[in-house]
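Throughout, read-outs are computed from the coordinates displayed, never taken from laboratory work. Since the model is a prediction, treat every value here as computed from it, not as a measurement. Note that we place each Cβ from the backbone using ideal geometry, even for glycine, and neighbour counts take in every protein chain shown.
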Amino acid sequence: MRWALVLSLFAGPLFADTGYDAWLRYPSSGVVPVVTIMGNSALLERARQELLRGFRTPKAQAIVLGGAAPNLKPDGYQLKTTAGKIVITGADDRGVLYGAFALLRKIALGESVTTLDEKSEPRVPVRWVNQWDNLDGSIERGYGGRSIFWDNGAARADLKRVRDYGRMLASLGINGTSINNVNVNPRILASDFLPEIVKIANTLRPWGVRTVLSVDFGSPQKIDGLDTFDPLDPRVIAWWKAKTDELYRAVPDLGGFIIKADSEGRVGPSAYGRTHADAANVVARALKPHGGMIFYRGFVYDNKMDWRNLKNDRARAADDNFRSLDGKFDDNVVIQIKNGPIDFQVREPISPLFGTLAKTKQAIELQITQEYMGQARHTVFLVPMWKEALDFDLRVGDRATPVKSRVNAVVGVSNVGLDDNWFGNHLSQANLYGFGRLAWNPDLSARQIAEEWTRLTFGNDPKVIQTITNIQLNSWRTYENYTGPLGLQTLTDIVGNHYGVAVEASERNGWGQWHRADSDGDNRGVGMDRTVATGTGYIGQYTPAVARIYESLATCPDDLLLFMHHVPYTYMLHSGKTVVQYLYDSHYAGADAVNQYVRDWKSLQGRVDDQRYGEVLSQLEYQAGQAEVWRDAVSNWFLRASGIPDAKGRVGNYPGRMEAESASLDGYKLIDVTPWEAASGGKAVECTSASCAATFRYSGSGGVFAIRVRYFDTNTGVSRFRALVANKVIGEWAANDRVPTRKIDGSSSALRVIEGVALQPGDEIRIEGTPDSGETAALDYIEIR
Ligand code: GCV
């Protein structure tokens, strides 16, 4: 037993690791420091404990914690070595805690701490995350398991995960989190619910993380039965004041509220013909005496727009709604604006509202949870995208105006859950890390953040650092390449799970995520005309210098072309390719890149602990299979729409592929798949009896091949599959993946690769499927490579 323990300590990275510790991994050898605290607070105590837990040097090091560092913004810290002691001072105790984490980061990164003399302070005072957790324990757009805060309508009995989340947030300098969904259950403000909030706030407080509540604007009516929630009604004004006072008596450091109003079915001031300023200010005035803030979301739009009207445009909504209100908000109101004008698509331009609002506080809202970005089943490192947003030059007054210079707060929708690794994917943790680091210092480079995260999370082996950093840094472009390049937005099921491919799901409905790809008529082409000259006029919402760039085809960047303009499929890009050929090429490049990630990751076997090695490998292999579905679906869809073949002859030609519908079927029945592009040839076969089989005859030459089986894995049951060649079993598997669909579609399409199969001409390849609980062991094709 004892030897097993000793061995496991020396086994390097090969032991099992659930990923729970994220980037907070500390050396196991070295001497514990002698830590003295100057002062007395829970925050200082946390800082001390953290140093005792993680600070290790060859000789005992004295560390002094506390005391004010002059001339620092709130939360800032100073690290200084004086007379052999490391002294951590701060603008406040929270700053000292952040200084302790900064010191630990230095140690973990192998930096010298012998002659420290540095200060650091955050760019913005408010660095919050939002959680979209429902009180029943589910999370809207959460991909890492159920809520760490709530279960069955109350605070979770065991709040250990909340404590550990607070620690993770503090390690990044994040100083607040909302704890419930912006699509609010009004009960959050019921008086008898308050003790539940208190439990969570008490757990987060020692980490300097303020609790924030999402509140429903109709609360006065929904909670206390007032017959109105009109923001100008004196009874409503009094209600907000009394409710806020009550909350602050129980949670004196509450950060404030978030409100989503008049958006996606939430009630708002429009019910009484009032403005968003009326709505925000009534709540702001209740918060003001307590130092609380209201984050009022700029995400206001009409989701029932007439798609036939080519002048309608959801992208205009935020600016249209808030432009005339600039200067009318109280000073503790912050307009929380998503980075792009639509909704966290794979690529969007910056929201013009950042340039428009000049007399109103604003926050940039980024999405850490990967809603339209592969839902943590795909690795997509979002820091490069956020950097582009924060660095975007709005040219206000024709002067350099990066977005990061306009915002007073940075907010990220995080949605961690109960999964051991918090997000459902080890590599997705880098997004929370990167968010926190950028919120503190938006000037850090994406590479620096990726490298830092990799070293803290996977260790200092140069090959590991280089491989993981490269995957991360290229992953956004890769994902864009196979899901929605040139500003098309993510070509997913936008009225459903926002995950799998469904090219037309965004069209012909009121949600306004249109890409206007036409297959006939005079307008045959693709993209949404948002120009001032002939389109929706959206481009005119930018400052003149930015508008000029987007308005002209000559200067509009290729990456956003189809967001801004409607062009023929044959339109020549700056890159020298036609639009349609670029669509084909980028999809092949994207799918190839993910296959390369799999190979790259395999080169890390033995250099990364076995558990995370295996889990990331499965994730990347799955992603590679999904990238091919996307590739084939989108390129076939555009082949049909444009009628223009792929100059490289790939689209529609799949050597070695044999469709299930042309196999000899025993029990399997032919079905049409919706959307058609989600299955090869638009068709699949499914089994509605006890078991079925599809038999293919191999007619190629003899050799050793990989057999790739494309099947469907829904979330209704666990079907089983068996593959046989000449009656010998070559593979068996269960369709038990975690996917967000009950349907046979792009989200459930899955790939099984069986390597090293010897085939002779005439061999029978047989796939047997056994359905389970409504999952029909459906098959799309097999491919021999
Ligand atoms: C919480 C998108 C998401 C919704 C989300 C909304 C918002 O529409 O799909 O799940 O609601 O944005 O940000 O409010």
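Computed values, structure above
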item: Selection count, region 257-293, where residues are in contact with a Phe, Trp or Tyr (Cβ under 7 Å, 6 or more places away or on another chain), more than 14 Å from the ligand (Cβ to nearest atom), without any contact (Cβ under 8 Å) to a residue 60 or more places away in the chain and within 16 Å of LEU325 (Cα to Cα); result: 5
item: Every residue from region 77-107 that is of a type in the set (Gly, Ala, Ser) and surrounded by fewer than 22 Cβ atoms within 10 Å (Cβ to Cβ); result: ALA83, GLY84, ALA102
item: Pairs, first touching a residue at least 24 places away in the same chain (Cβ under 8 Å) in region 642-671, second in a strand (DSSP E or B) and of a type in the set (S, T, N, Q), C-beta under 9 Å, six or more apart; result: ILE644/THR578; ALA647/THR578; ALA663/THR695; SER664/THR695; LEU665/THR695; ASP666/THR695
item: Residue within region 525-536 that is over 29 Å from ASP393 (Cα atoms) and in contact (Cβ under 8 Å) with a residue 24 or more places away in the chain present; result: yes
item: Search result, residues across region 294-305 that are aliphatic (A, V, I, L, M) and either buried (at least 24 other Cβ atoms within 10 Å of the Cβ) or more than 14 Å from the ligand (Cβ to nearest atom) (or both); result: ILE294, MET305
item: Residue within region 637-658 that is of a type in the set (A, V, I, L, M, F, W, C), within 22 Å of VAL709 (Cα to Cα) and over 32 Å from the mean Cα position of the chain (by Cα) present; result: yes
item: In region 134-163, residue farthest from the chain's Cα centre (by Cα) [restricted to those that are more than 18 Å from ASN425 (Cα to Cα) and of a type in the set (Asp, Glu)]; result: ASP158
item: Residue pairs meeting the criteria (Cβ under 8 Å; at least 6 apart or on separate chains; first free of Cβ contacts under 8 Å to residues at least 60 places away in the same chain, in region 543-555; second of a type in the set (A, V, I, L, M, F, W, C) and surrounded by fewer than 13 Cβ atoms within 10 Å (Cβ to Cβ)); result: GLU551/ALA533
item: Residues (among the hydroxyl-bearing types (Ser, Thr, Tyr) and either out of contact with any Leu (no Cβ under 9 Å at 6 or more places or on another chain) or without any contact (Cβ under 8 Å) to a residue 24 or more places away in the chain (or both)) located in region 400-427; result: SER405
item: Flag if GLY756 is among the small types (Gly, Ala, Ser), in contact (Cβ under 8 Å) with a residue 12 or more places away in the chain and buried (at least 21 other Cβ atoms within 10 Å of the Cβ); result: no
item: Checking TYR654 against (1) surrounded by 17 or more Cβ atoms within 10 Å (Cβ to Cβ); (2) out of contact with any His (no Cβ under 9 Å at 6 or more places or on another chain); (3) of a type in the set (Phe, Trp, Tyr), the condition it does not meet; result: (1)
item: Residue that is surrounded by the fewest Cβ atoms within 10 Å (Cβ to Cβ), among those in region 342-368 that are within 12 Å of the ligand (Cβ to nearest atom) and assigned to a loop (DSSP other than H, G, I, E, B); result: ASP343
item: Filter result for ARG766 (part of a strand (DSSP E or B) and more than 33 Å from the chain's Cα centre (by Cα)); result: yes
item: Considering residues of region 369-413 that are hydroxyl-bearing (Ser, Thr, Tyr) and within 16 Å of the ligand (Cβ to nearest atom) only, the residue surrounded by the most Cβ atoms within 10 Å (Cβ to Cβ); result: THR369
item: Test: PHE217 is on the phi < 0 side of the Ramachandran plot, outside any helix (DSSP H, G or I) and among the hydrophobic types (A, V, I, L, M, F, W, C); result: yes
item: Within region 66-139, strands (runs of 3 or more DSSP E) holding 2 or more residues that are more than 25 Å from ALA363 (Cβ to Cβ) and touching a Ser or Thr at 6+ places or on another chain (Cβ under 7 Å); result: 77-82
item: Residue, farthest from GLY90 (Cα to Cα), within region 184-214, restricted to residues that are of a type in the set (Gly, Ala, Ser) and part of a helix (DSSP H, G or I); result: SER191
item: In region 231-255, residue nearest to THR203 (Cα to Cα) [restricted to those that are free of Cβ contacts under 8 Å to residues at least 40 places away in the same chain and assigned to a helix (DSSP H, G or I)]; result: ARG249
item: Which listed residue is within 16 Å of the ligand (Cβ to nearest atom), surrounded by fewer than 19 Cβ atoms within 10 Å (Cβ to Cβ), touching a residue at least 12 places away in the same chain (Cβ under 8 Å) and not small (Gly, Ala, Ser), from ARG141, ARG123, ARG146; result: ARG141
item: Residues that are farther than 18 Å from PHE257 by Cα and either assigned to a loop (DSSP other than H, G, I, E, B) or without any contact (Cβ under 8 Å) to a residue 24 or more places away in the chain (or both), drawn from region 165-182; result: GLY173
item: Of all residues in region 684-730 being charged (D, E, K, R) and surrounded by 22 or more Cβ atoms within 10 Å (Cβ to Cβ), the one that is nearest to the chain's Cα centre (by Cα); result: ASP713
item: Total residues in region 149-179, condition away from the ligand (no atom under 16 Å from the Cβ) and under 22 Å from GLN367 (Cα atoms); result: 15
item: Matching residues, region 183-230, being in contact (Cβ under 8 Å) with a residue 60 or more places away in the chain, surrounded by 16 or more Cβ atoms within 10 Å (Cβ to Cβ) and over 16 Å from ARG163 (Cα atoms); result: VAL184, SER214, VAL215, PHE217
item: Flag if GLU480 is away from the ligand (no atom under 16 Å from the Cβ), acidic (Asp, Glu) and crowded, with 17+ Cβ neighbours inside 10 Å; result: yes
item: Filter result (more than 20 Å from the chain's Cα centre (by Cα) and of a type in the set (Ser, Thr, Tyr)) within region 400-424; result: THR401, SER405
item: Within region 306-341, considering residues that are touching a helix residue (DSSP H, G or I) at 6+ places or on another chain (Cβ under 6 Å), part of a loop (DSSP other than H, G, I, E, B) and within 16 Å of the ligand (Cβ to nearest atom), the one farthest from GLY255 (Cα to Cα); result: PRO341
